[in-house]
Amino acid sequence: MKEGSSRYSRDQAEFDRAIGFIDAAYALALTLLVTTLVIDDPREAFSSLGALGDAVGGQFLAFAIAFAVIASYWLDHHRLIASFAAIDYTTIVVNLGLIAAIVLLPFSTQAVGDPGLEDLPLPTVIMAVNVVAASALHTLVYAVAVRRNLLSSTPSRGEVSYTVVNGLAPAAVFGASVPIAYLISPAAAQITWISLIPISWLLDRYTARWRRATDA
């Protein structure tokens, strides 16, 4: 590598430093999610399971959704980084943008889980936009890595399309929930988030066949 270059191979300490920092940010975001579970009157809440459910039920649902979102992005990011032969300054900057979206999730999750705000659409919209940003930036990390030849093997056209389309699926689902939060209700918008599970499964099956046909 030439002196002054911003490209670092896997066997260089700068590569490990960059990935270690990114992984730590994911871990911090997951840890901070527990701060979104707030009980105003612990004595009353812990008097029975029903009271505990009333106190933290909505908060725990938002916690579970956010935990699943952050964990899934970390797993996808982990698999993506495993395919990197090197990393460069541009990719690190894009990853910093992704981290910004990830560490914001505990804040947006707390608003969604607040019982006093459950009838307001804005907290749901903020969390939806947060996930849209995380999904788009995660996909952008892959696209930049492909364009800058940072992967250990060059992906086919079908593989690139498959990864980008499936990577943007959460952005499409959560983005669609924004008007639903205002036109119908925040609860209806949050229910649409669950549809990401069957949509992702169906999309993966369809795009996998399309990818094989394209590569062939």
Problem set entry | Helix-only CD estimate at 222 nm, as mean residue ellipticity for the chain, using -39500 (n - 2.57) per DSSP H run (n ≥ 4) | -26000 deg cm²/dmol
Problem set entry | Local electrostatic count at PRO186 - Lys and Arg +1, Asp and Glu -1, tallied over other residues with Cβ under 12 Å | -3
For this session: Mind jotting down the three principal axis lengths of segment 67-179 based on Cα atoms? Whole angstrom, largest first.
Result: 51, 25, 20
Problem set entry | Solvent-accessible surface ranking, highest first, for ASP204, ASP16, ASP88 at 1.4 angstrom | ASP16, ASP204, ASP88
Exercise. On the accessible surface of the chain, probed at 1.4 Å, how many percent belong to carbon and sulfur atoms?
Worked result: 65 percent
Exercise. Of all chymotrypsin sites (Phe, Trp or Tyr not before Pro) in segment 30-98, which ones are in loop regions per DSSP and have a Cβ with at most 15 other Cβ atoms within 10 Å?
Worked result: PHE46
Exercise. For segment 1-153, what is the accessible area per residue in Å² when the probe is 1.4 Å?
Worked result: 53 Å²
Exercise. Once phi is turned into ³J(HN,Hα) by the Karplus curve 6.51 cos²θ - 1.76 cosθ + 1.60 with θ = phi - 60°, what whole-Hz value does each residue of segment 132-142 show in order, with x for glycine and proline?
Worked result: 4, 5, 5, 5, 5, 6, 5, 5, 5, 4, 5
For this session: Output ³J(HN,Hα) for segment 189-197: one whole-Hz value per residue in order, computed from phi by the Karplus curve 6.51 cos²θ - 1.76 cosθ + 1.60 with θ = phi - 60°, and x for Gly and Pro.
Result: 5, 5, 5, 5, 4, 5, 5, 4, 5
Seminar exercise, completed: Ranking ARG147, ARG212, ARG17, ARG7 from most to least accessible area with a 1.4 Å probe gives ARG147, ARG17, ARG212, ARG7
Exercise. Helix 169-183 versus the longest principal axis of the chain: what angle, 0 to 90°, nearest 10, using Cα atoms?
Worked result: 30 degrees
Problem set entry | For segment 149-163, Karplus couplings with θ = phi - 60° (6.51, -1.76, 1.60), whole Hz, Gly/Pro x | 6, 9, 7, 5, 9, 6, x, 6, 4, x, 5, 4, 4, 4, 5
Exercise. How do TYR206, TYR8 rank by accessible surface area computed with a 1.4 Å probe, from largest to smallest?
Worked result: TYR206, TYR8
Seminar exercise, completed: Sorted by chain and number, the residues with a modelled amide H under 5 Å from that of TYR8, at a separation of 5 or more or across chains, are ILE87, ASP88
Problem set entry | Length-normalised contact order of segment 56-208 in % [C-alpha pairs under 8 Å, at least 6 apart] | 26 percent
Seminar exercise, completed: The ratio Rg/Rh over the Cα atoms of segment 135-216, Rh being the Kirkwood inverse mean 1/r radius, stands at 1.09
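The values are calculated or read from the model by the stated rules, or taken from the named source; none is laboratory data. All of these numbers come straight from a predicted model, not from anything done at the bench. Counting neighbours? That spans all protein chains shown, and the Cβs are built from the backbone with ideal geometry, glycine included. Side chains are part of the model used for accessible areas, which takes the heavy atoms of the whole protein and leaves out ligands, DNA and RNA. Shrake-Rupley method; radii C 1.70, N 1.55, O 1.52, S 1.80 Å.
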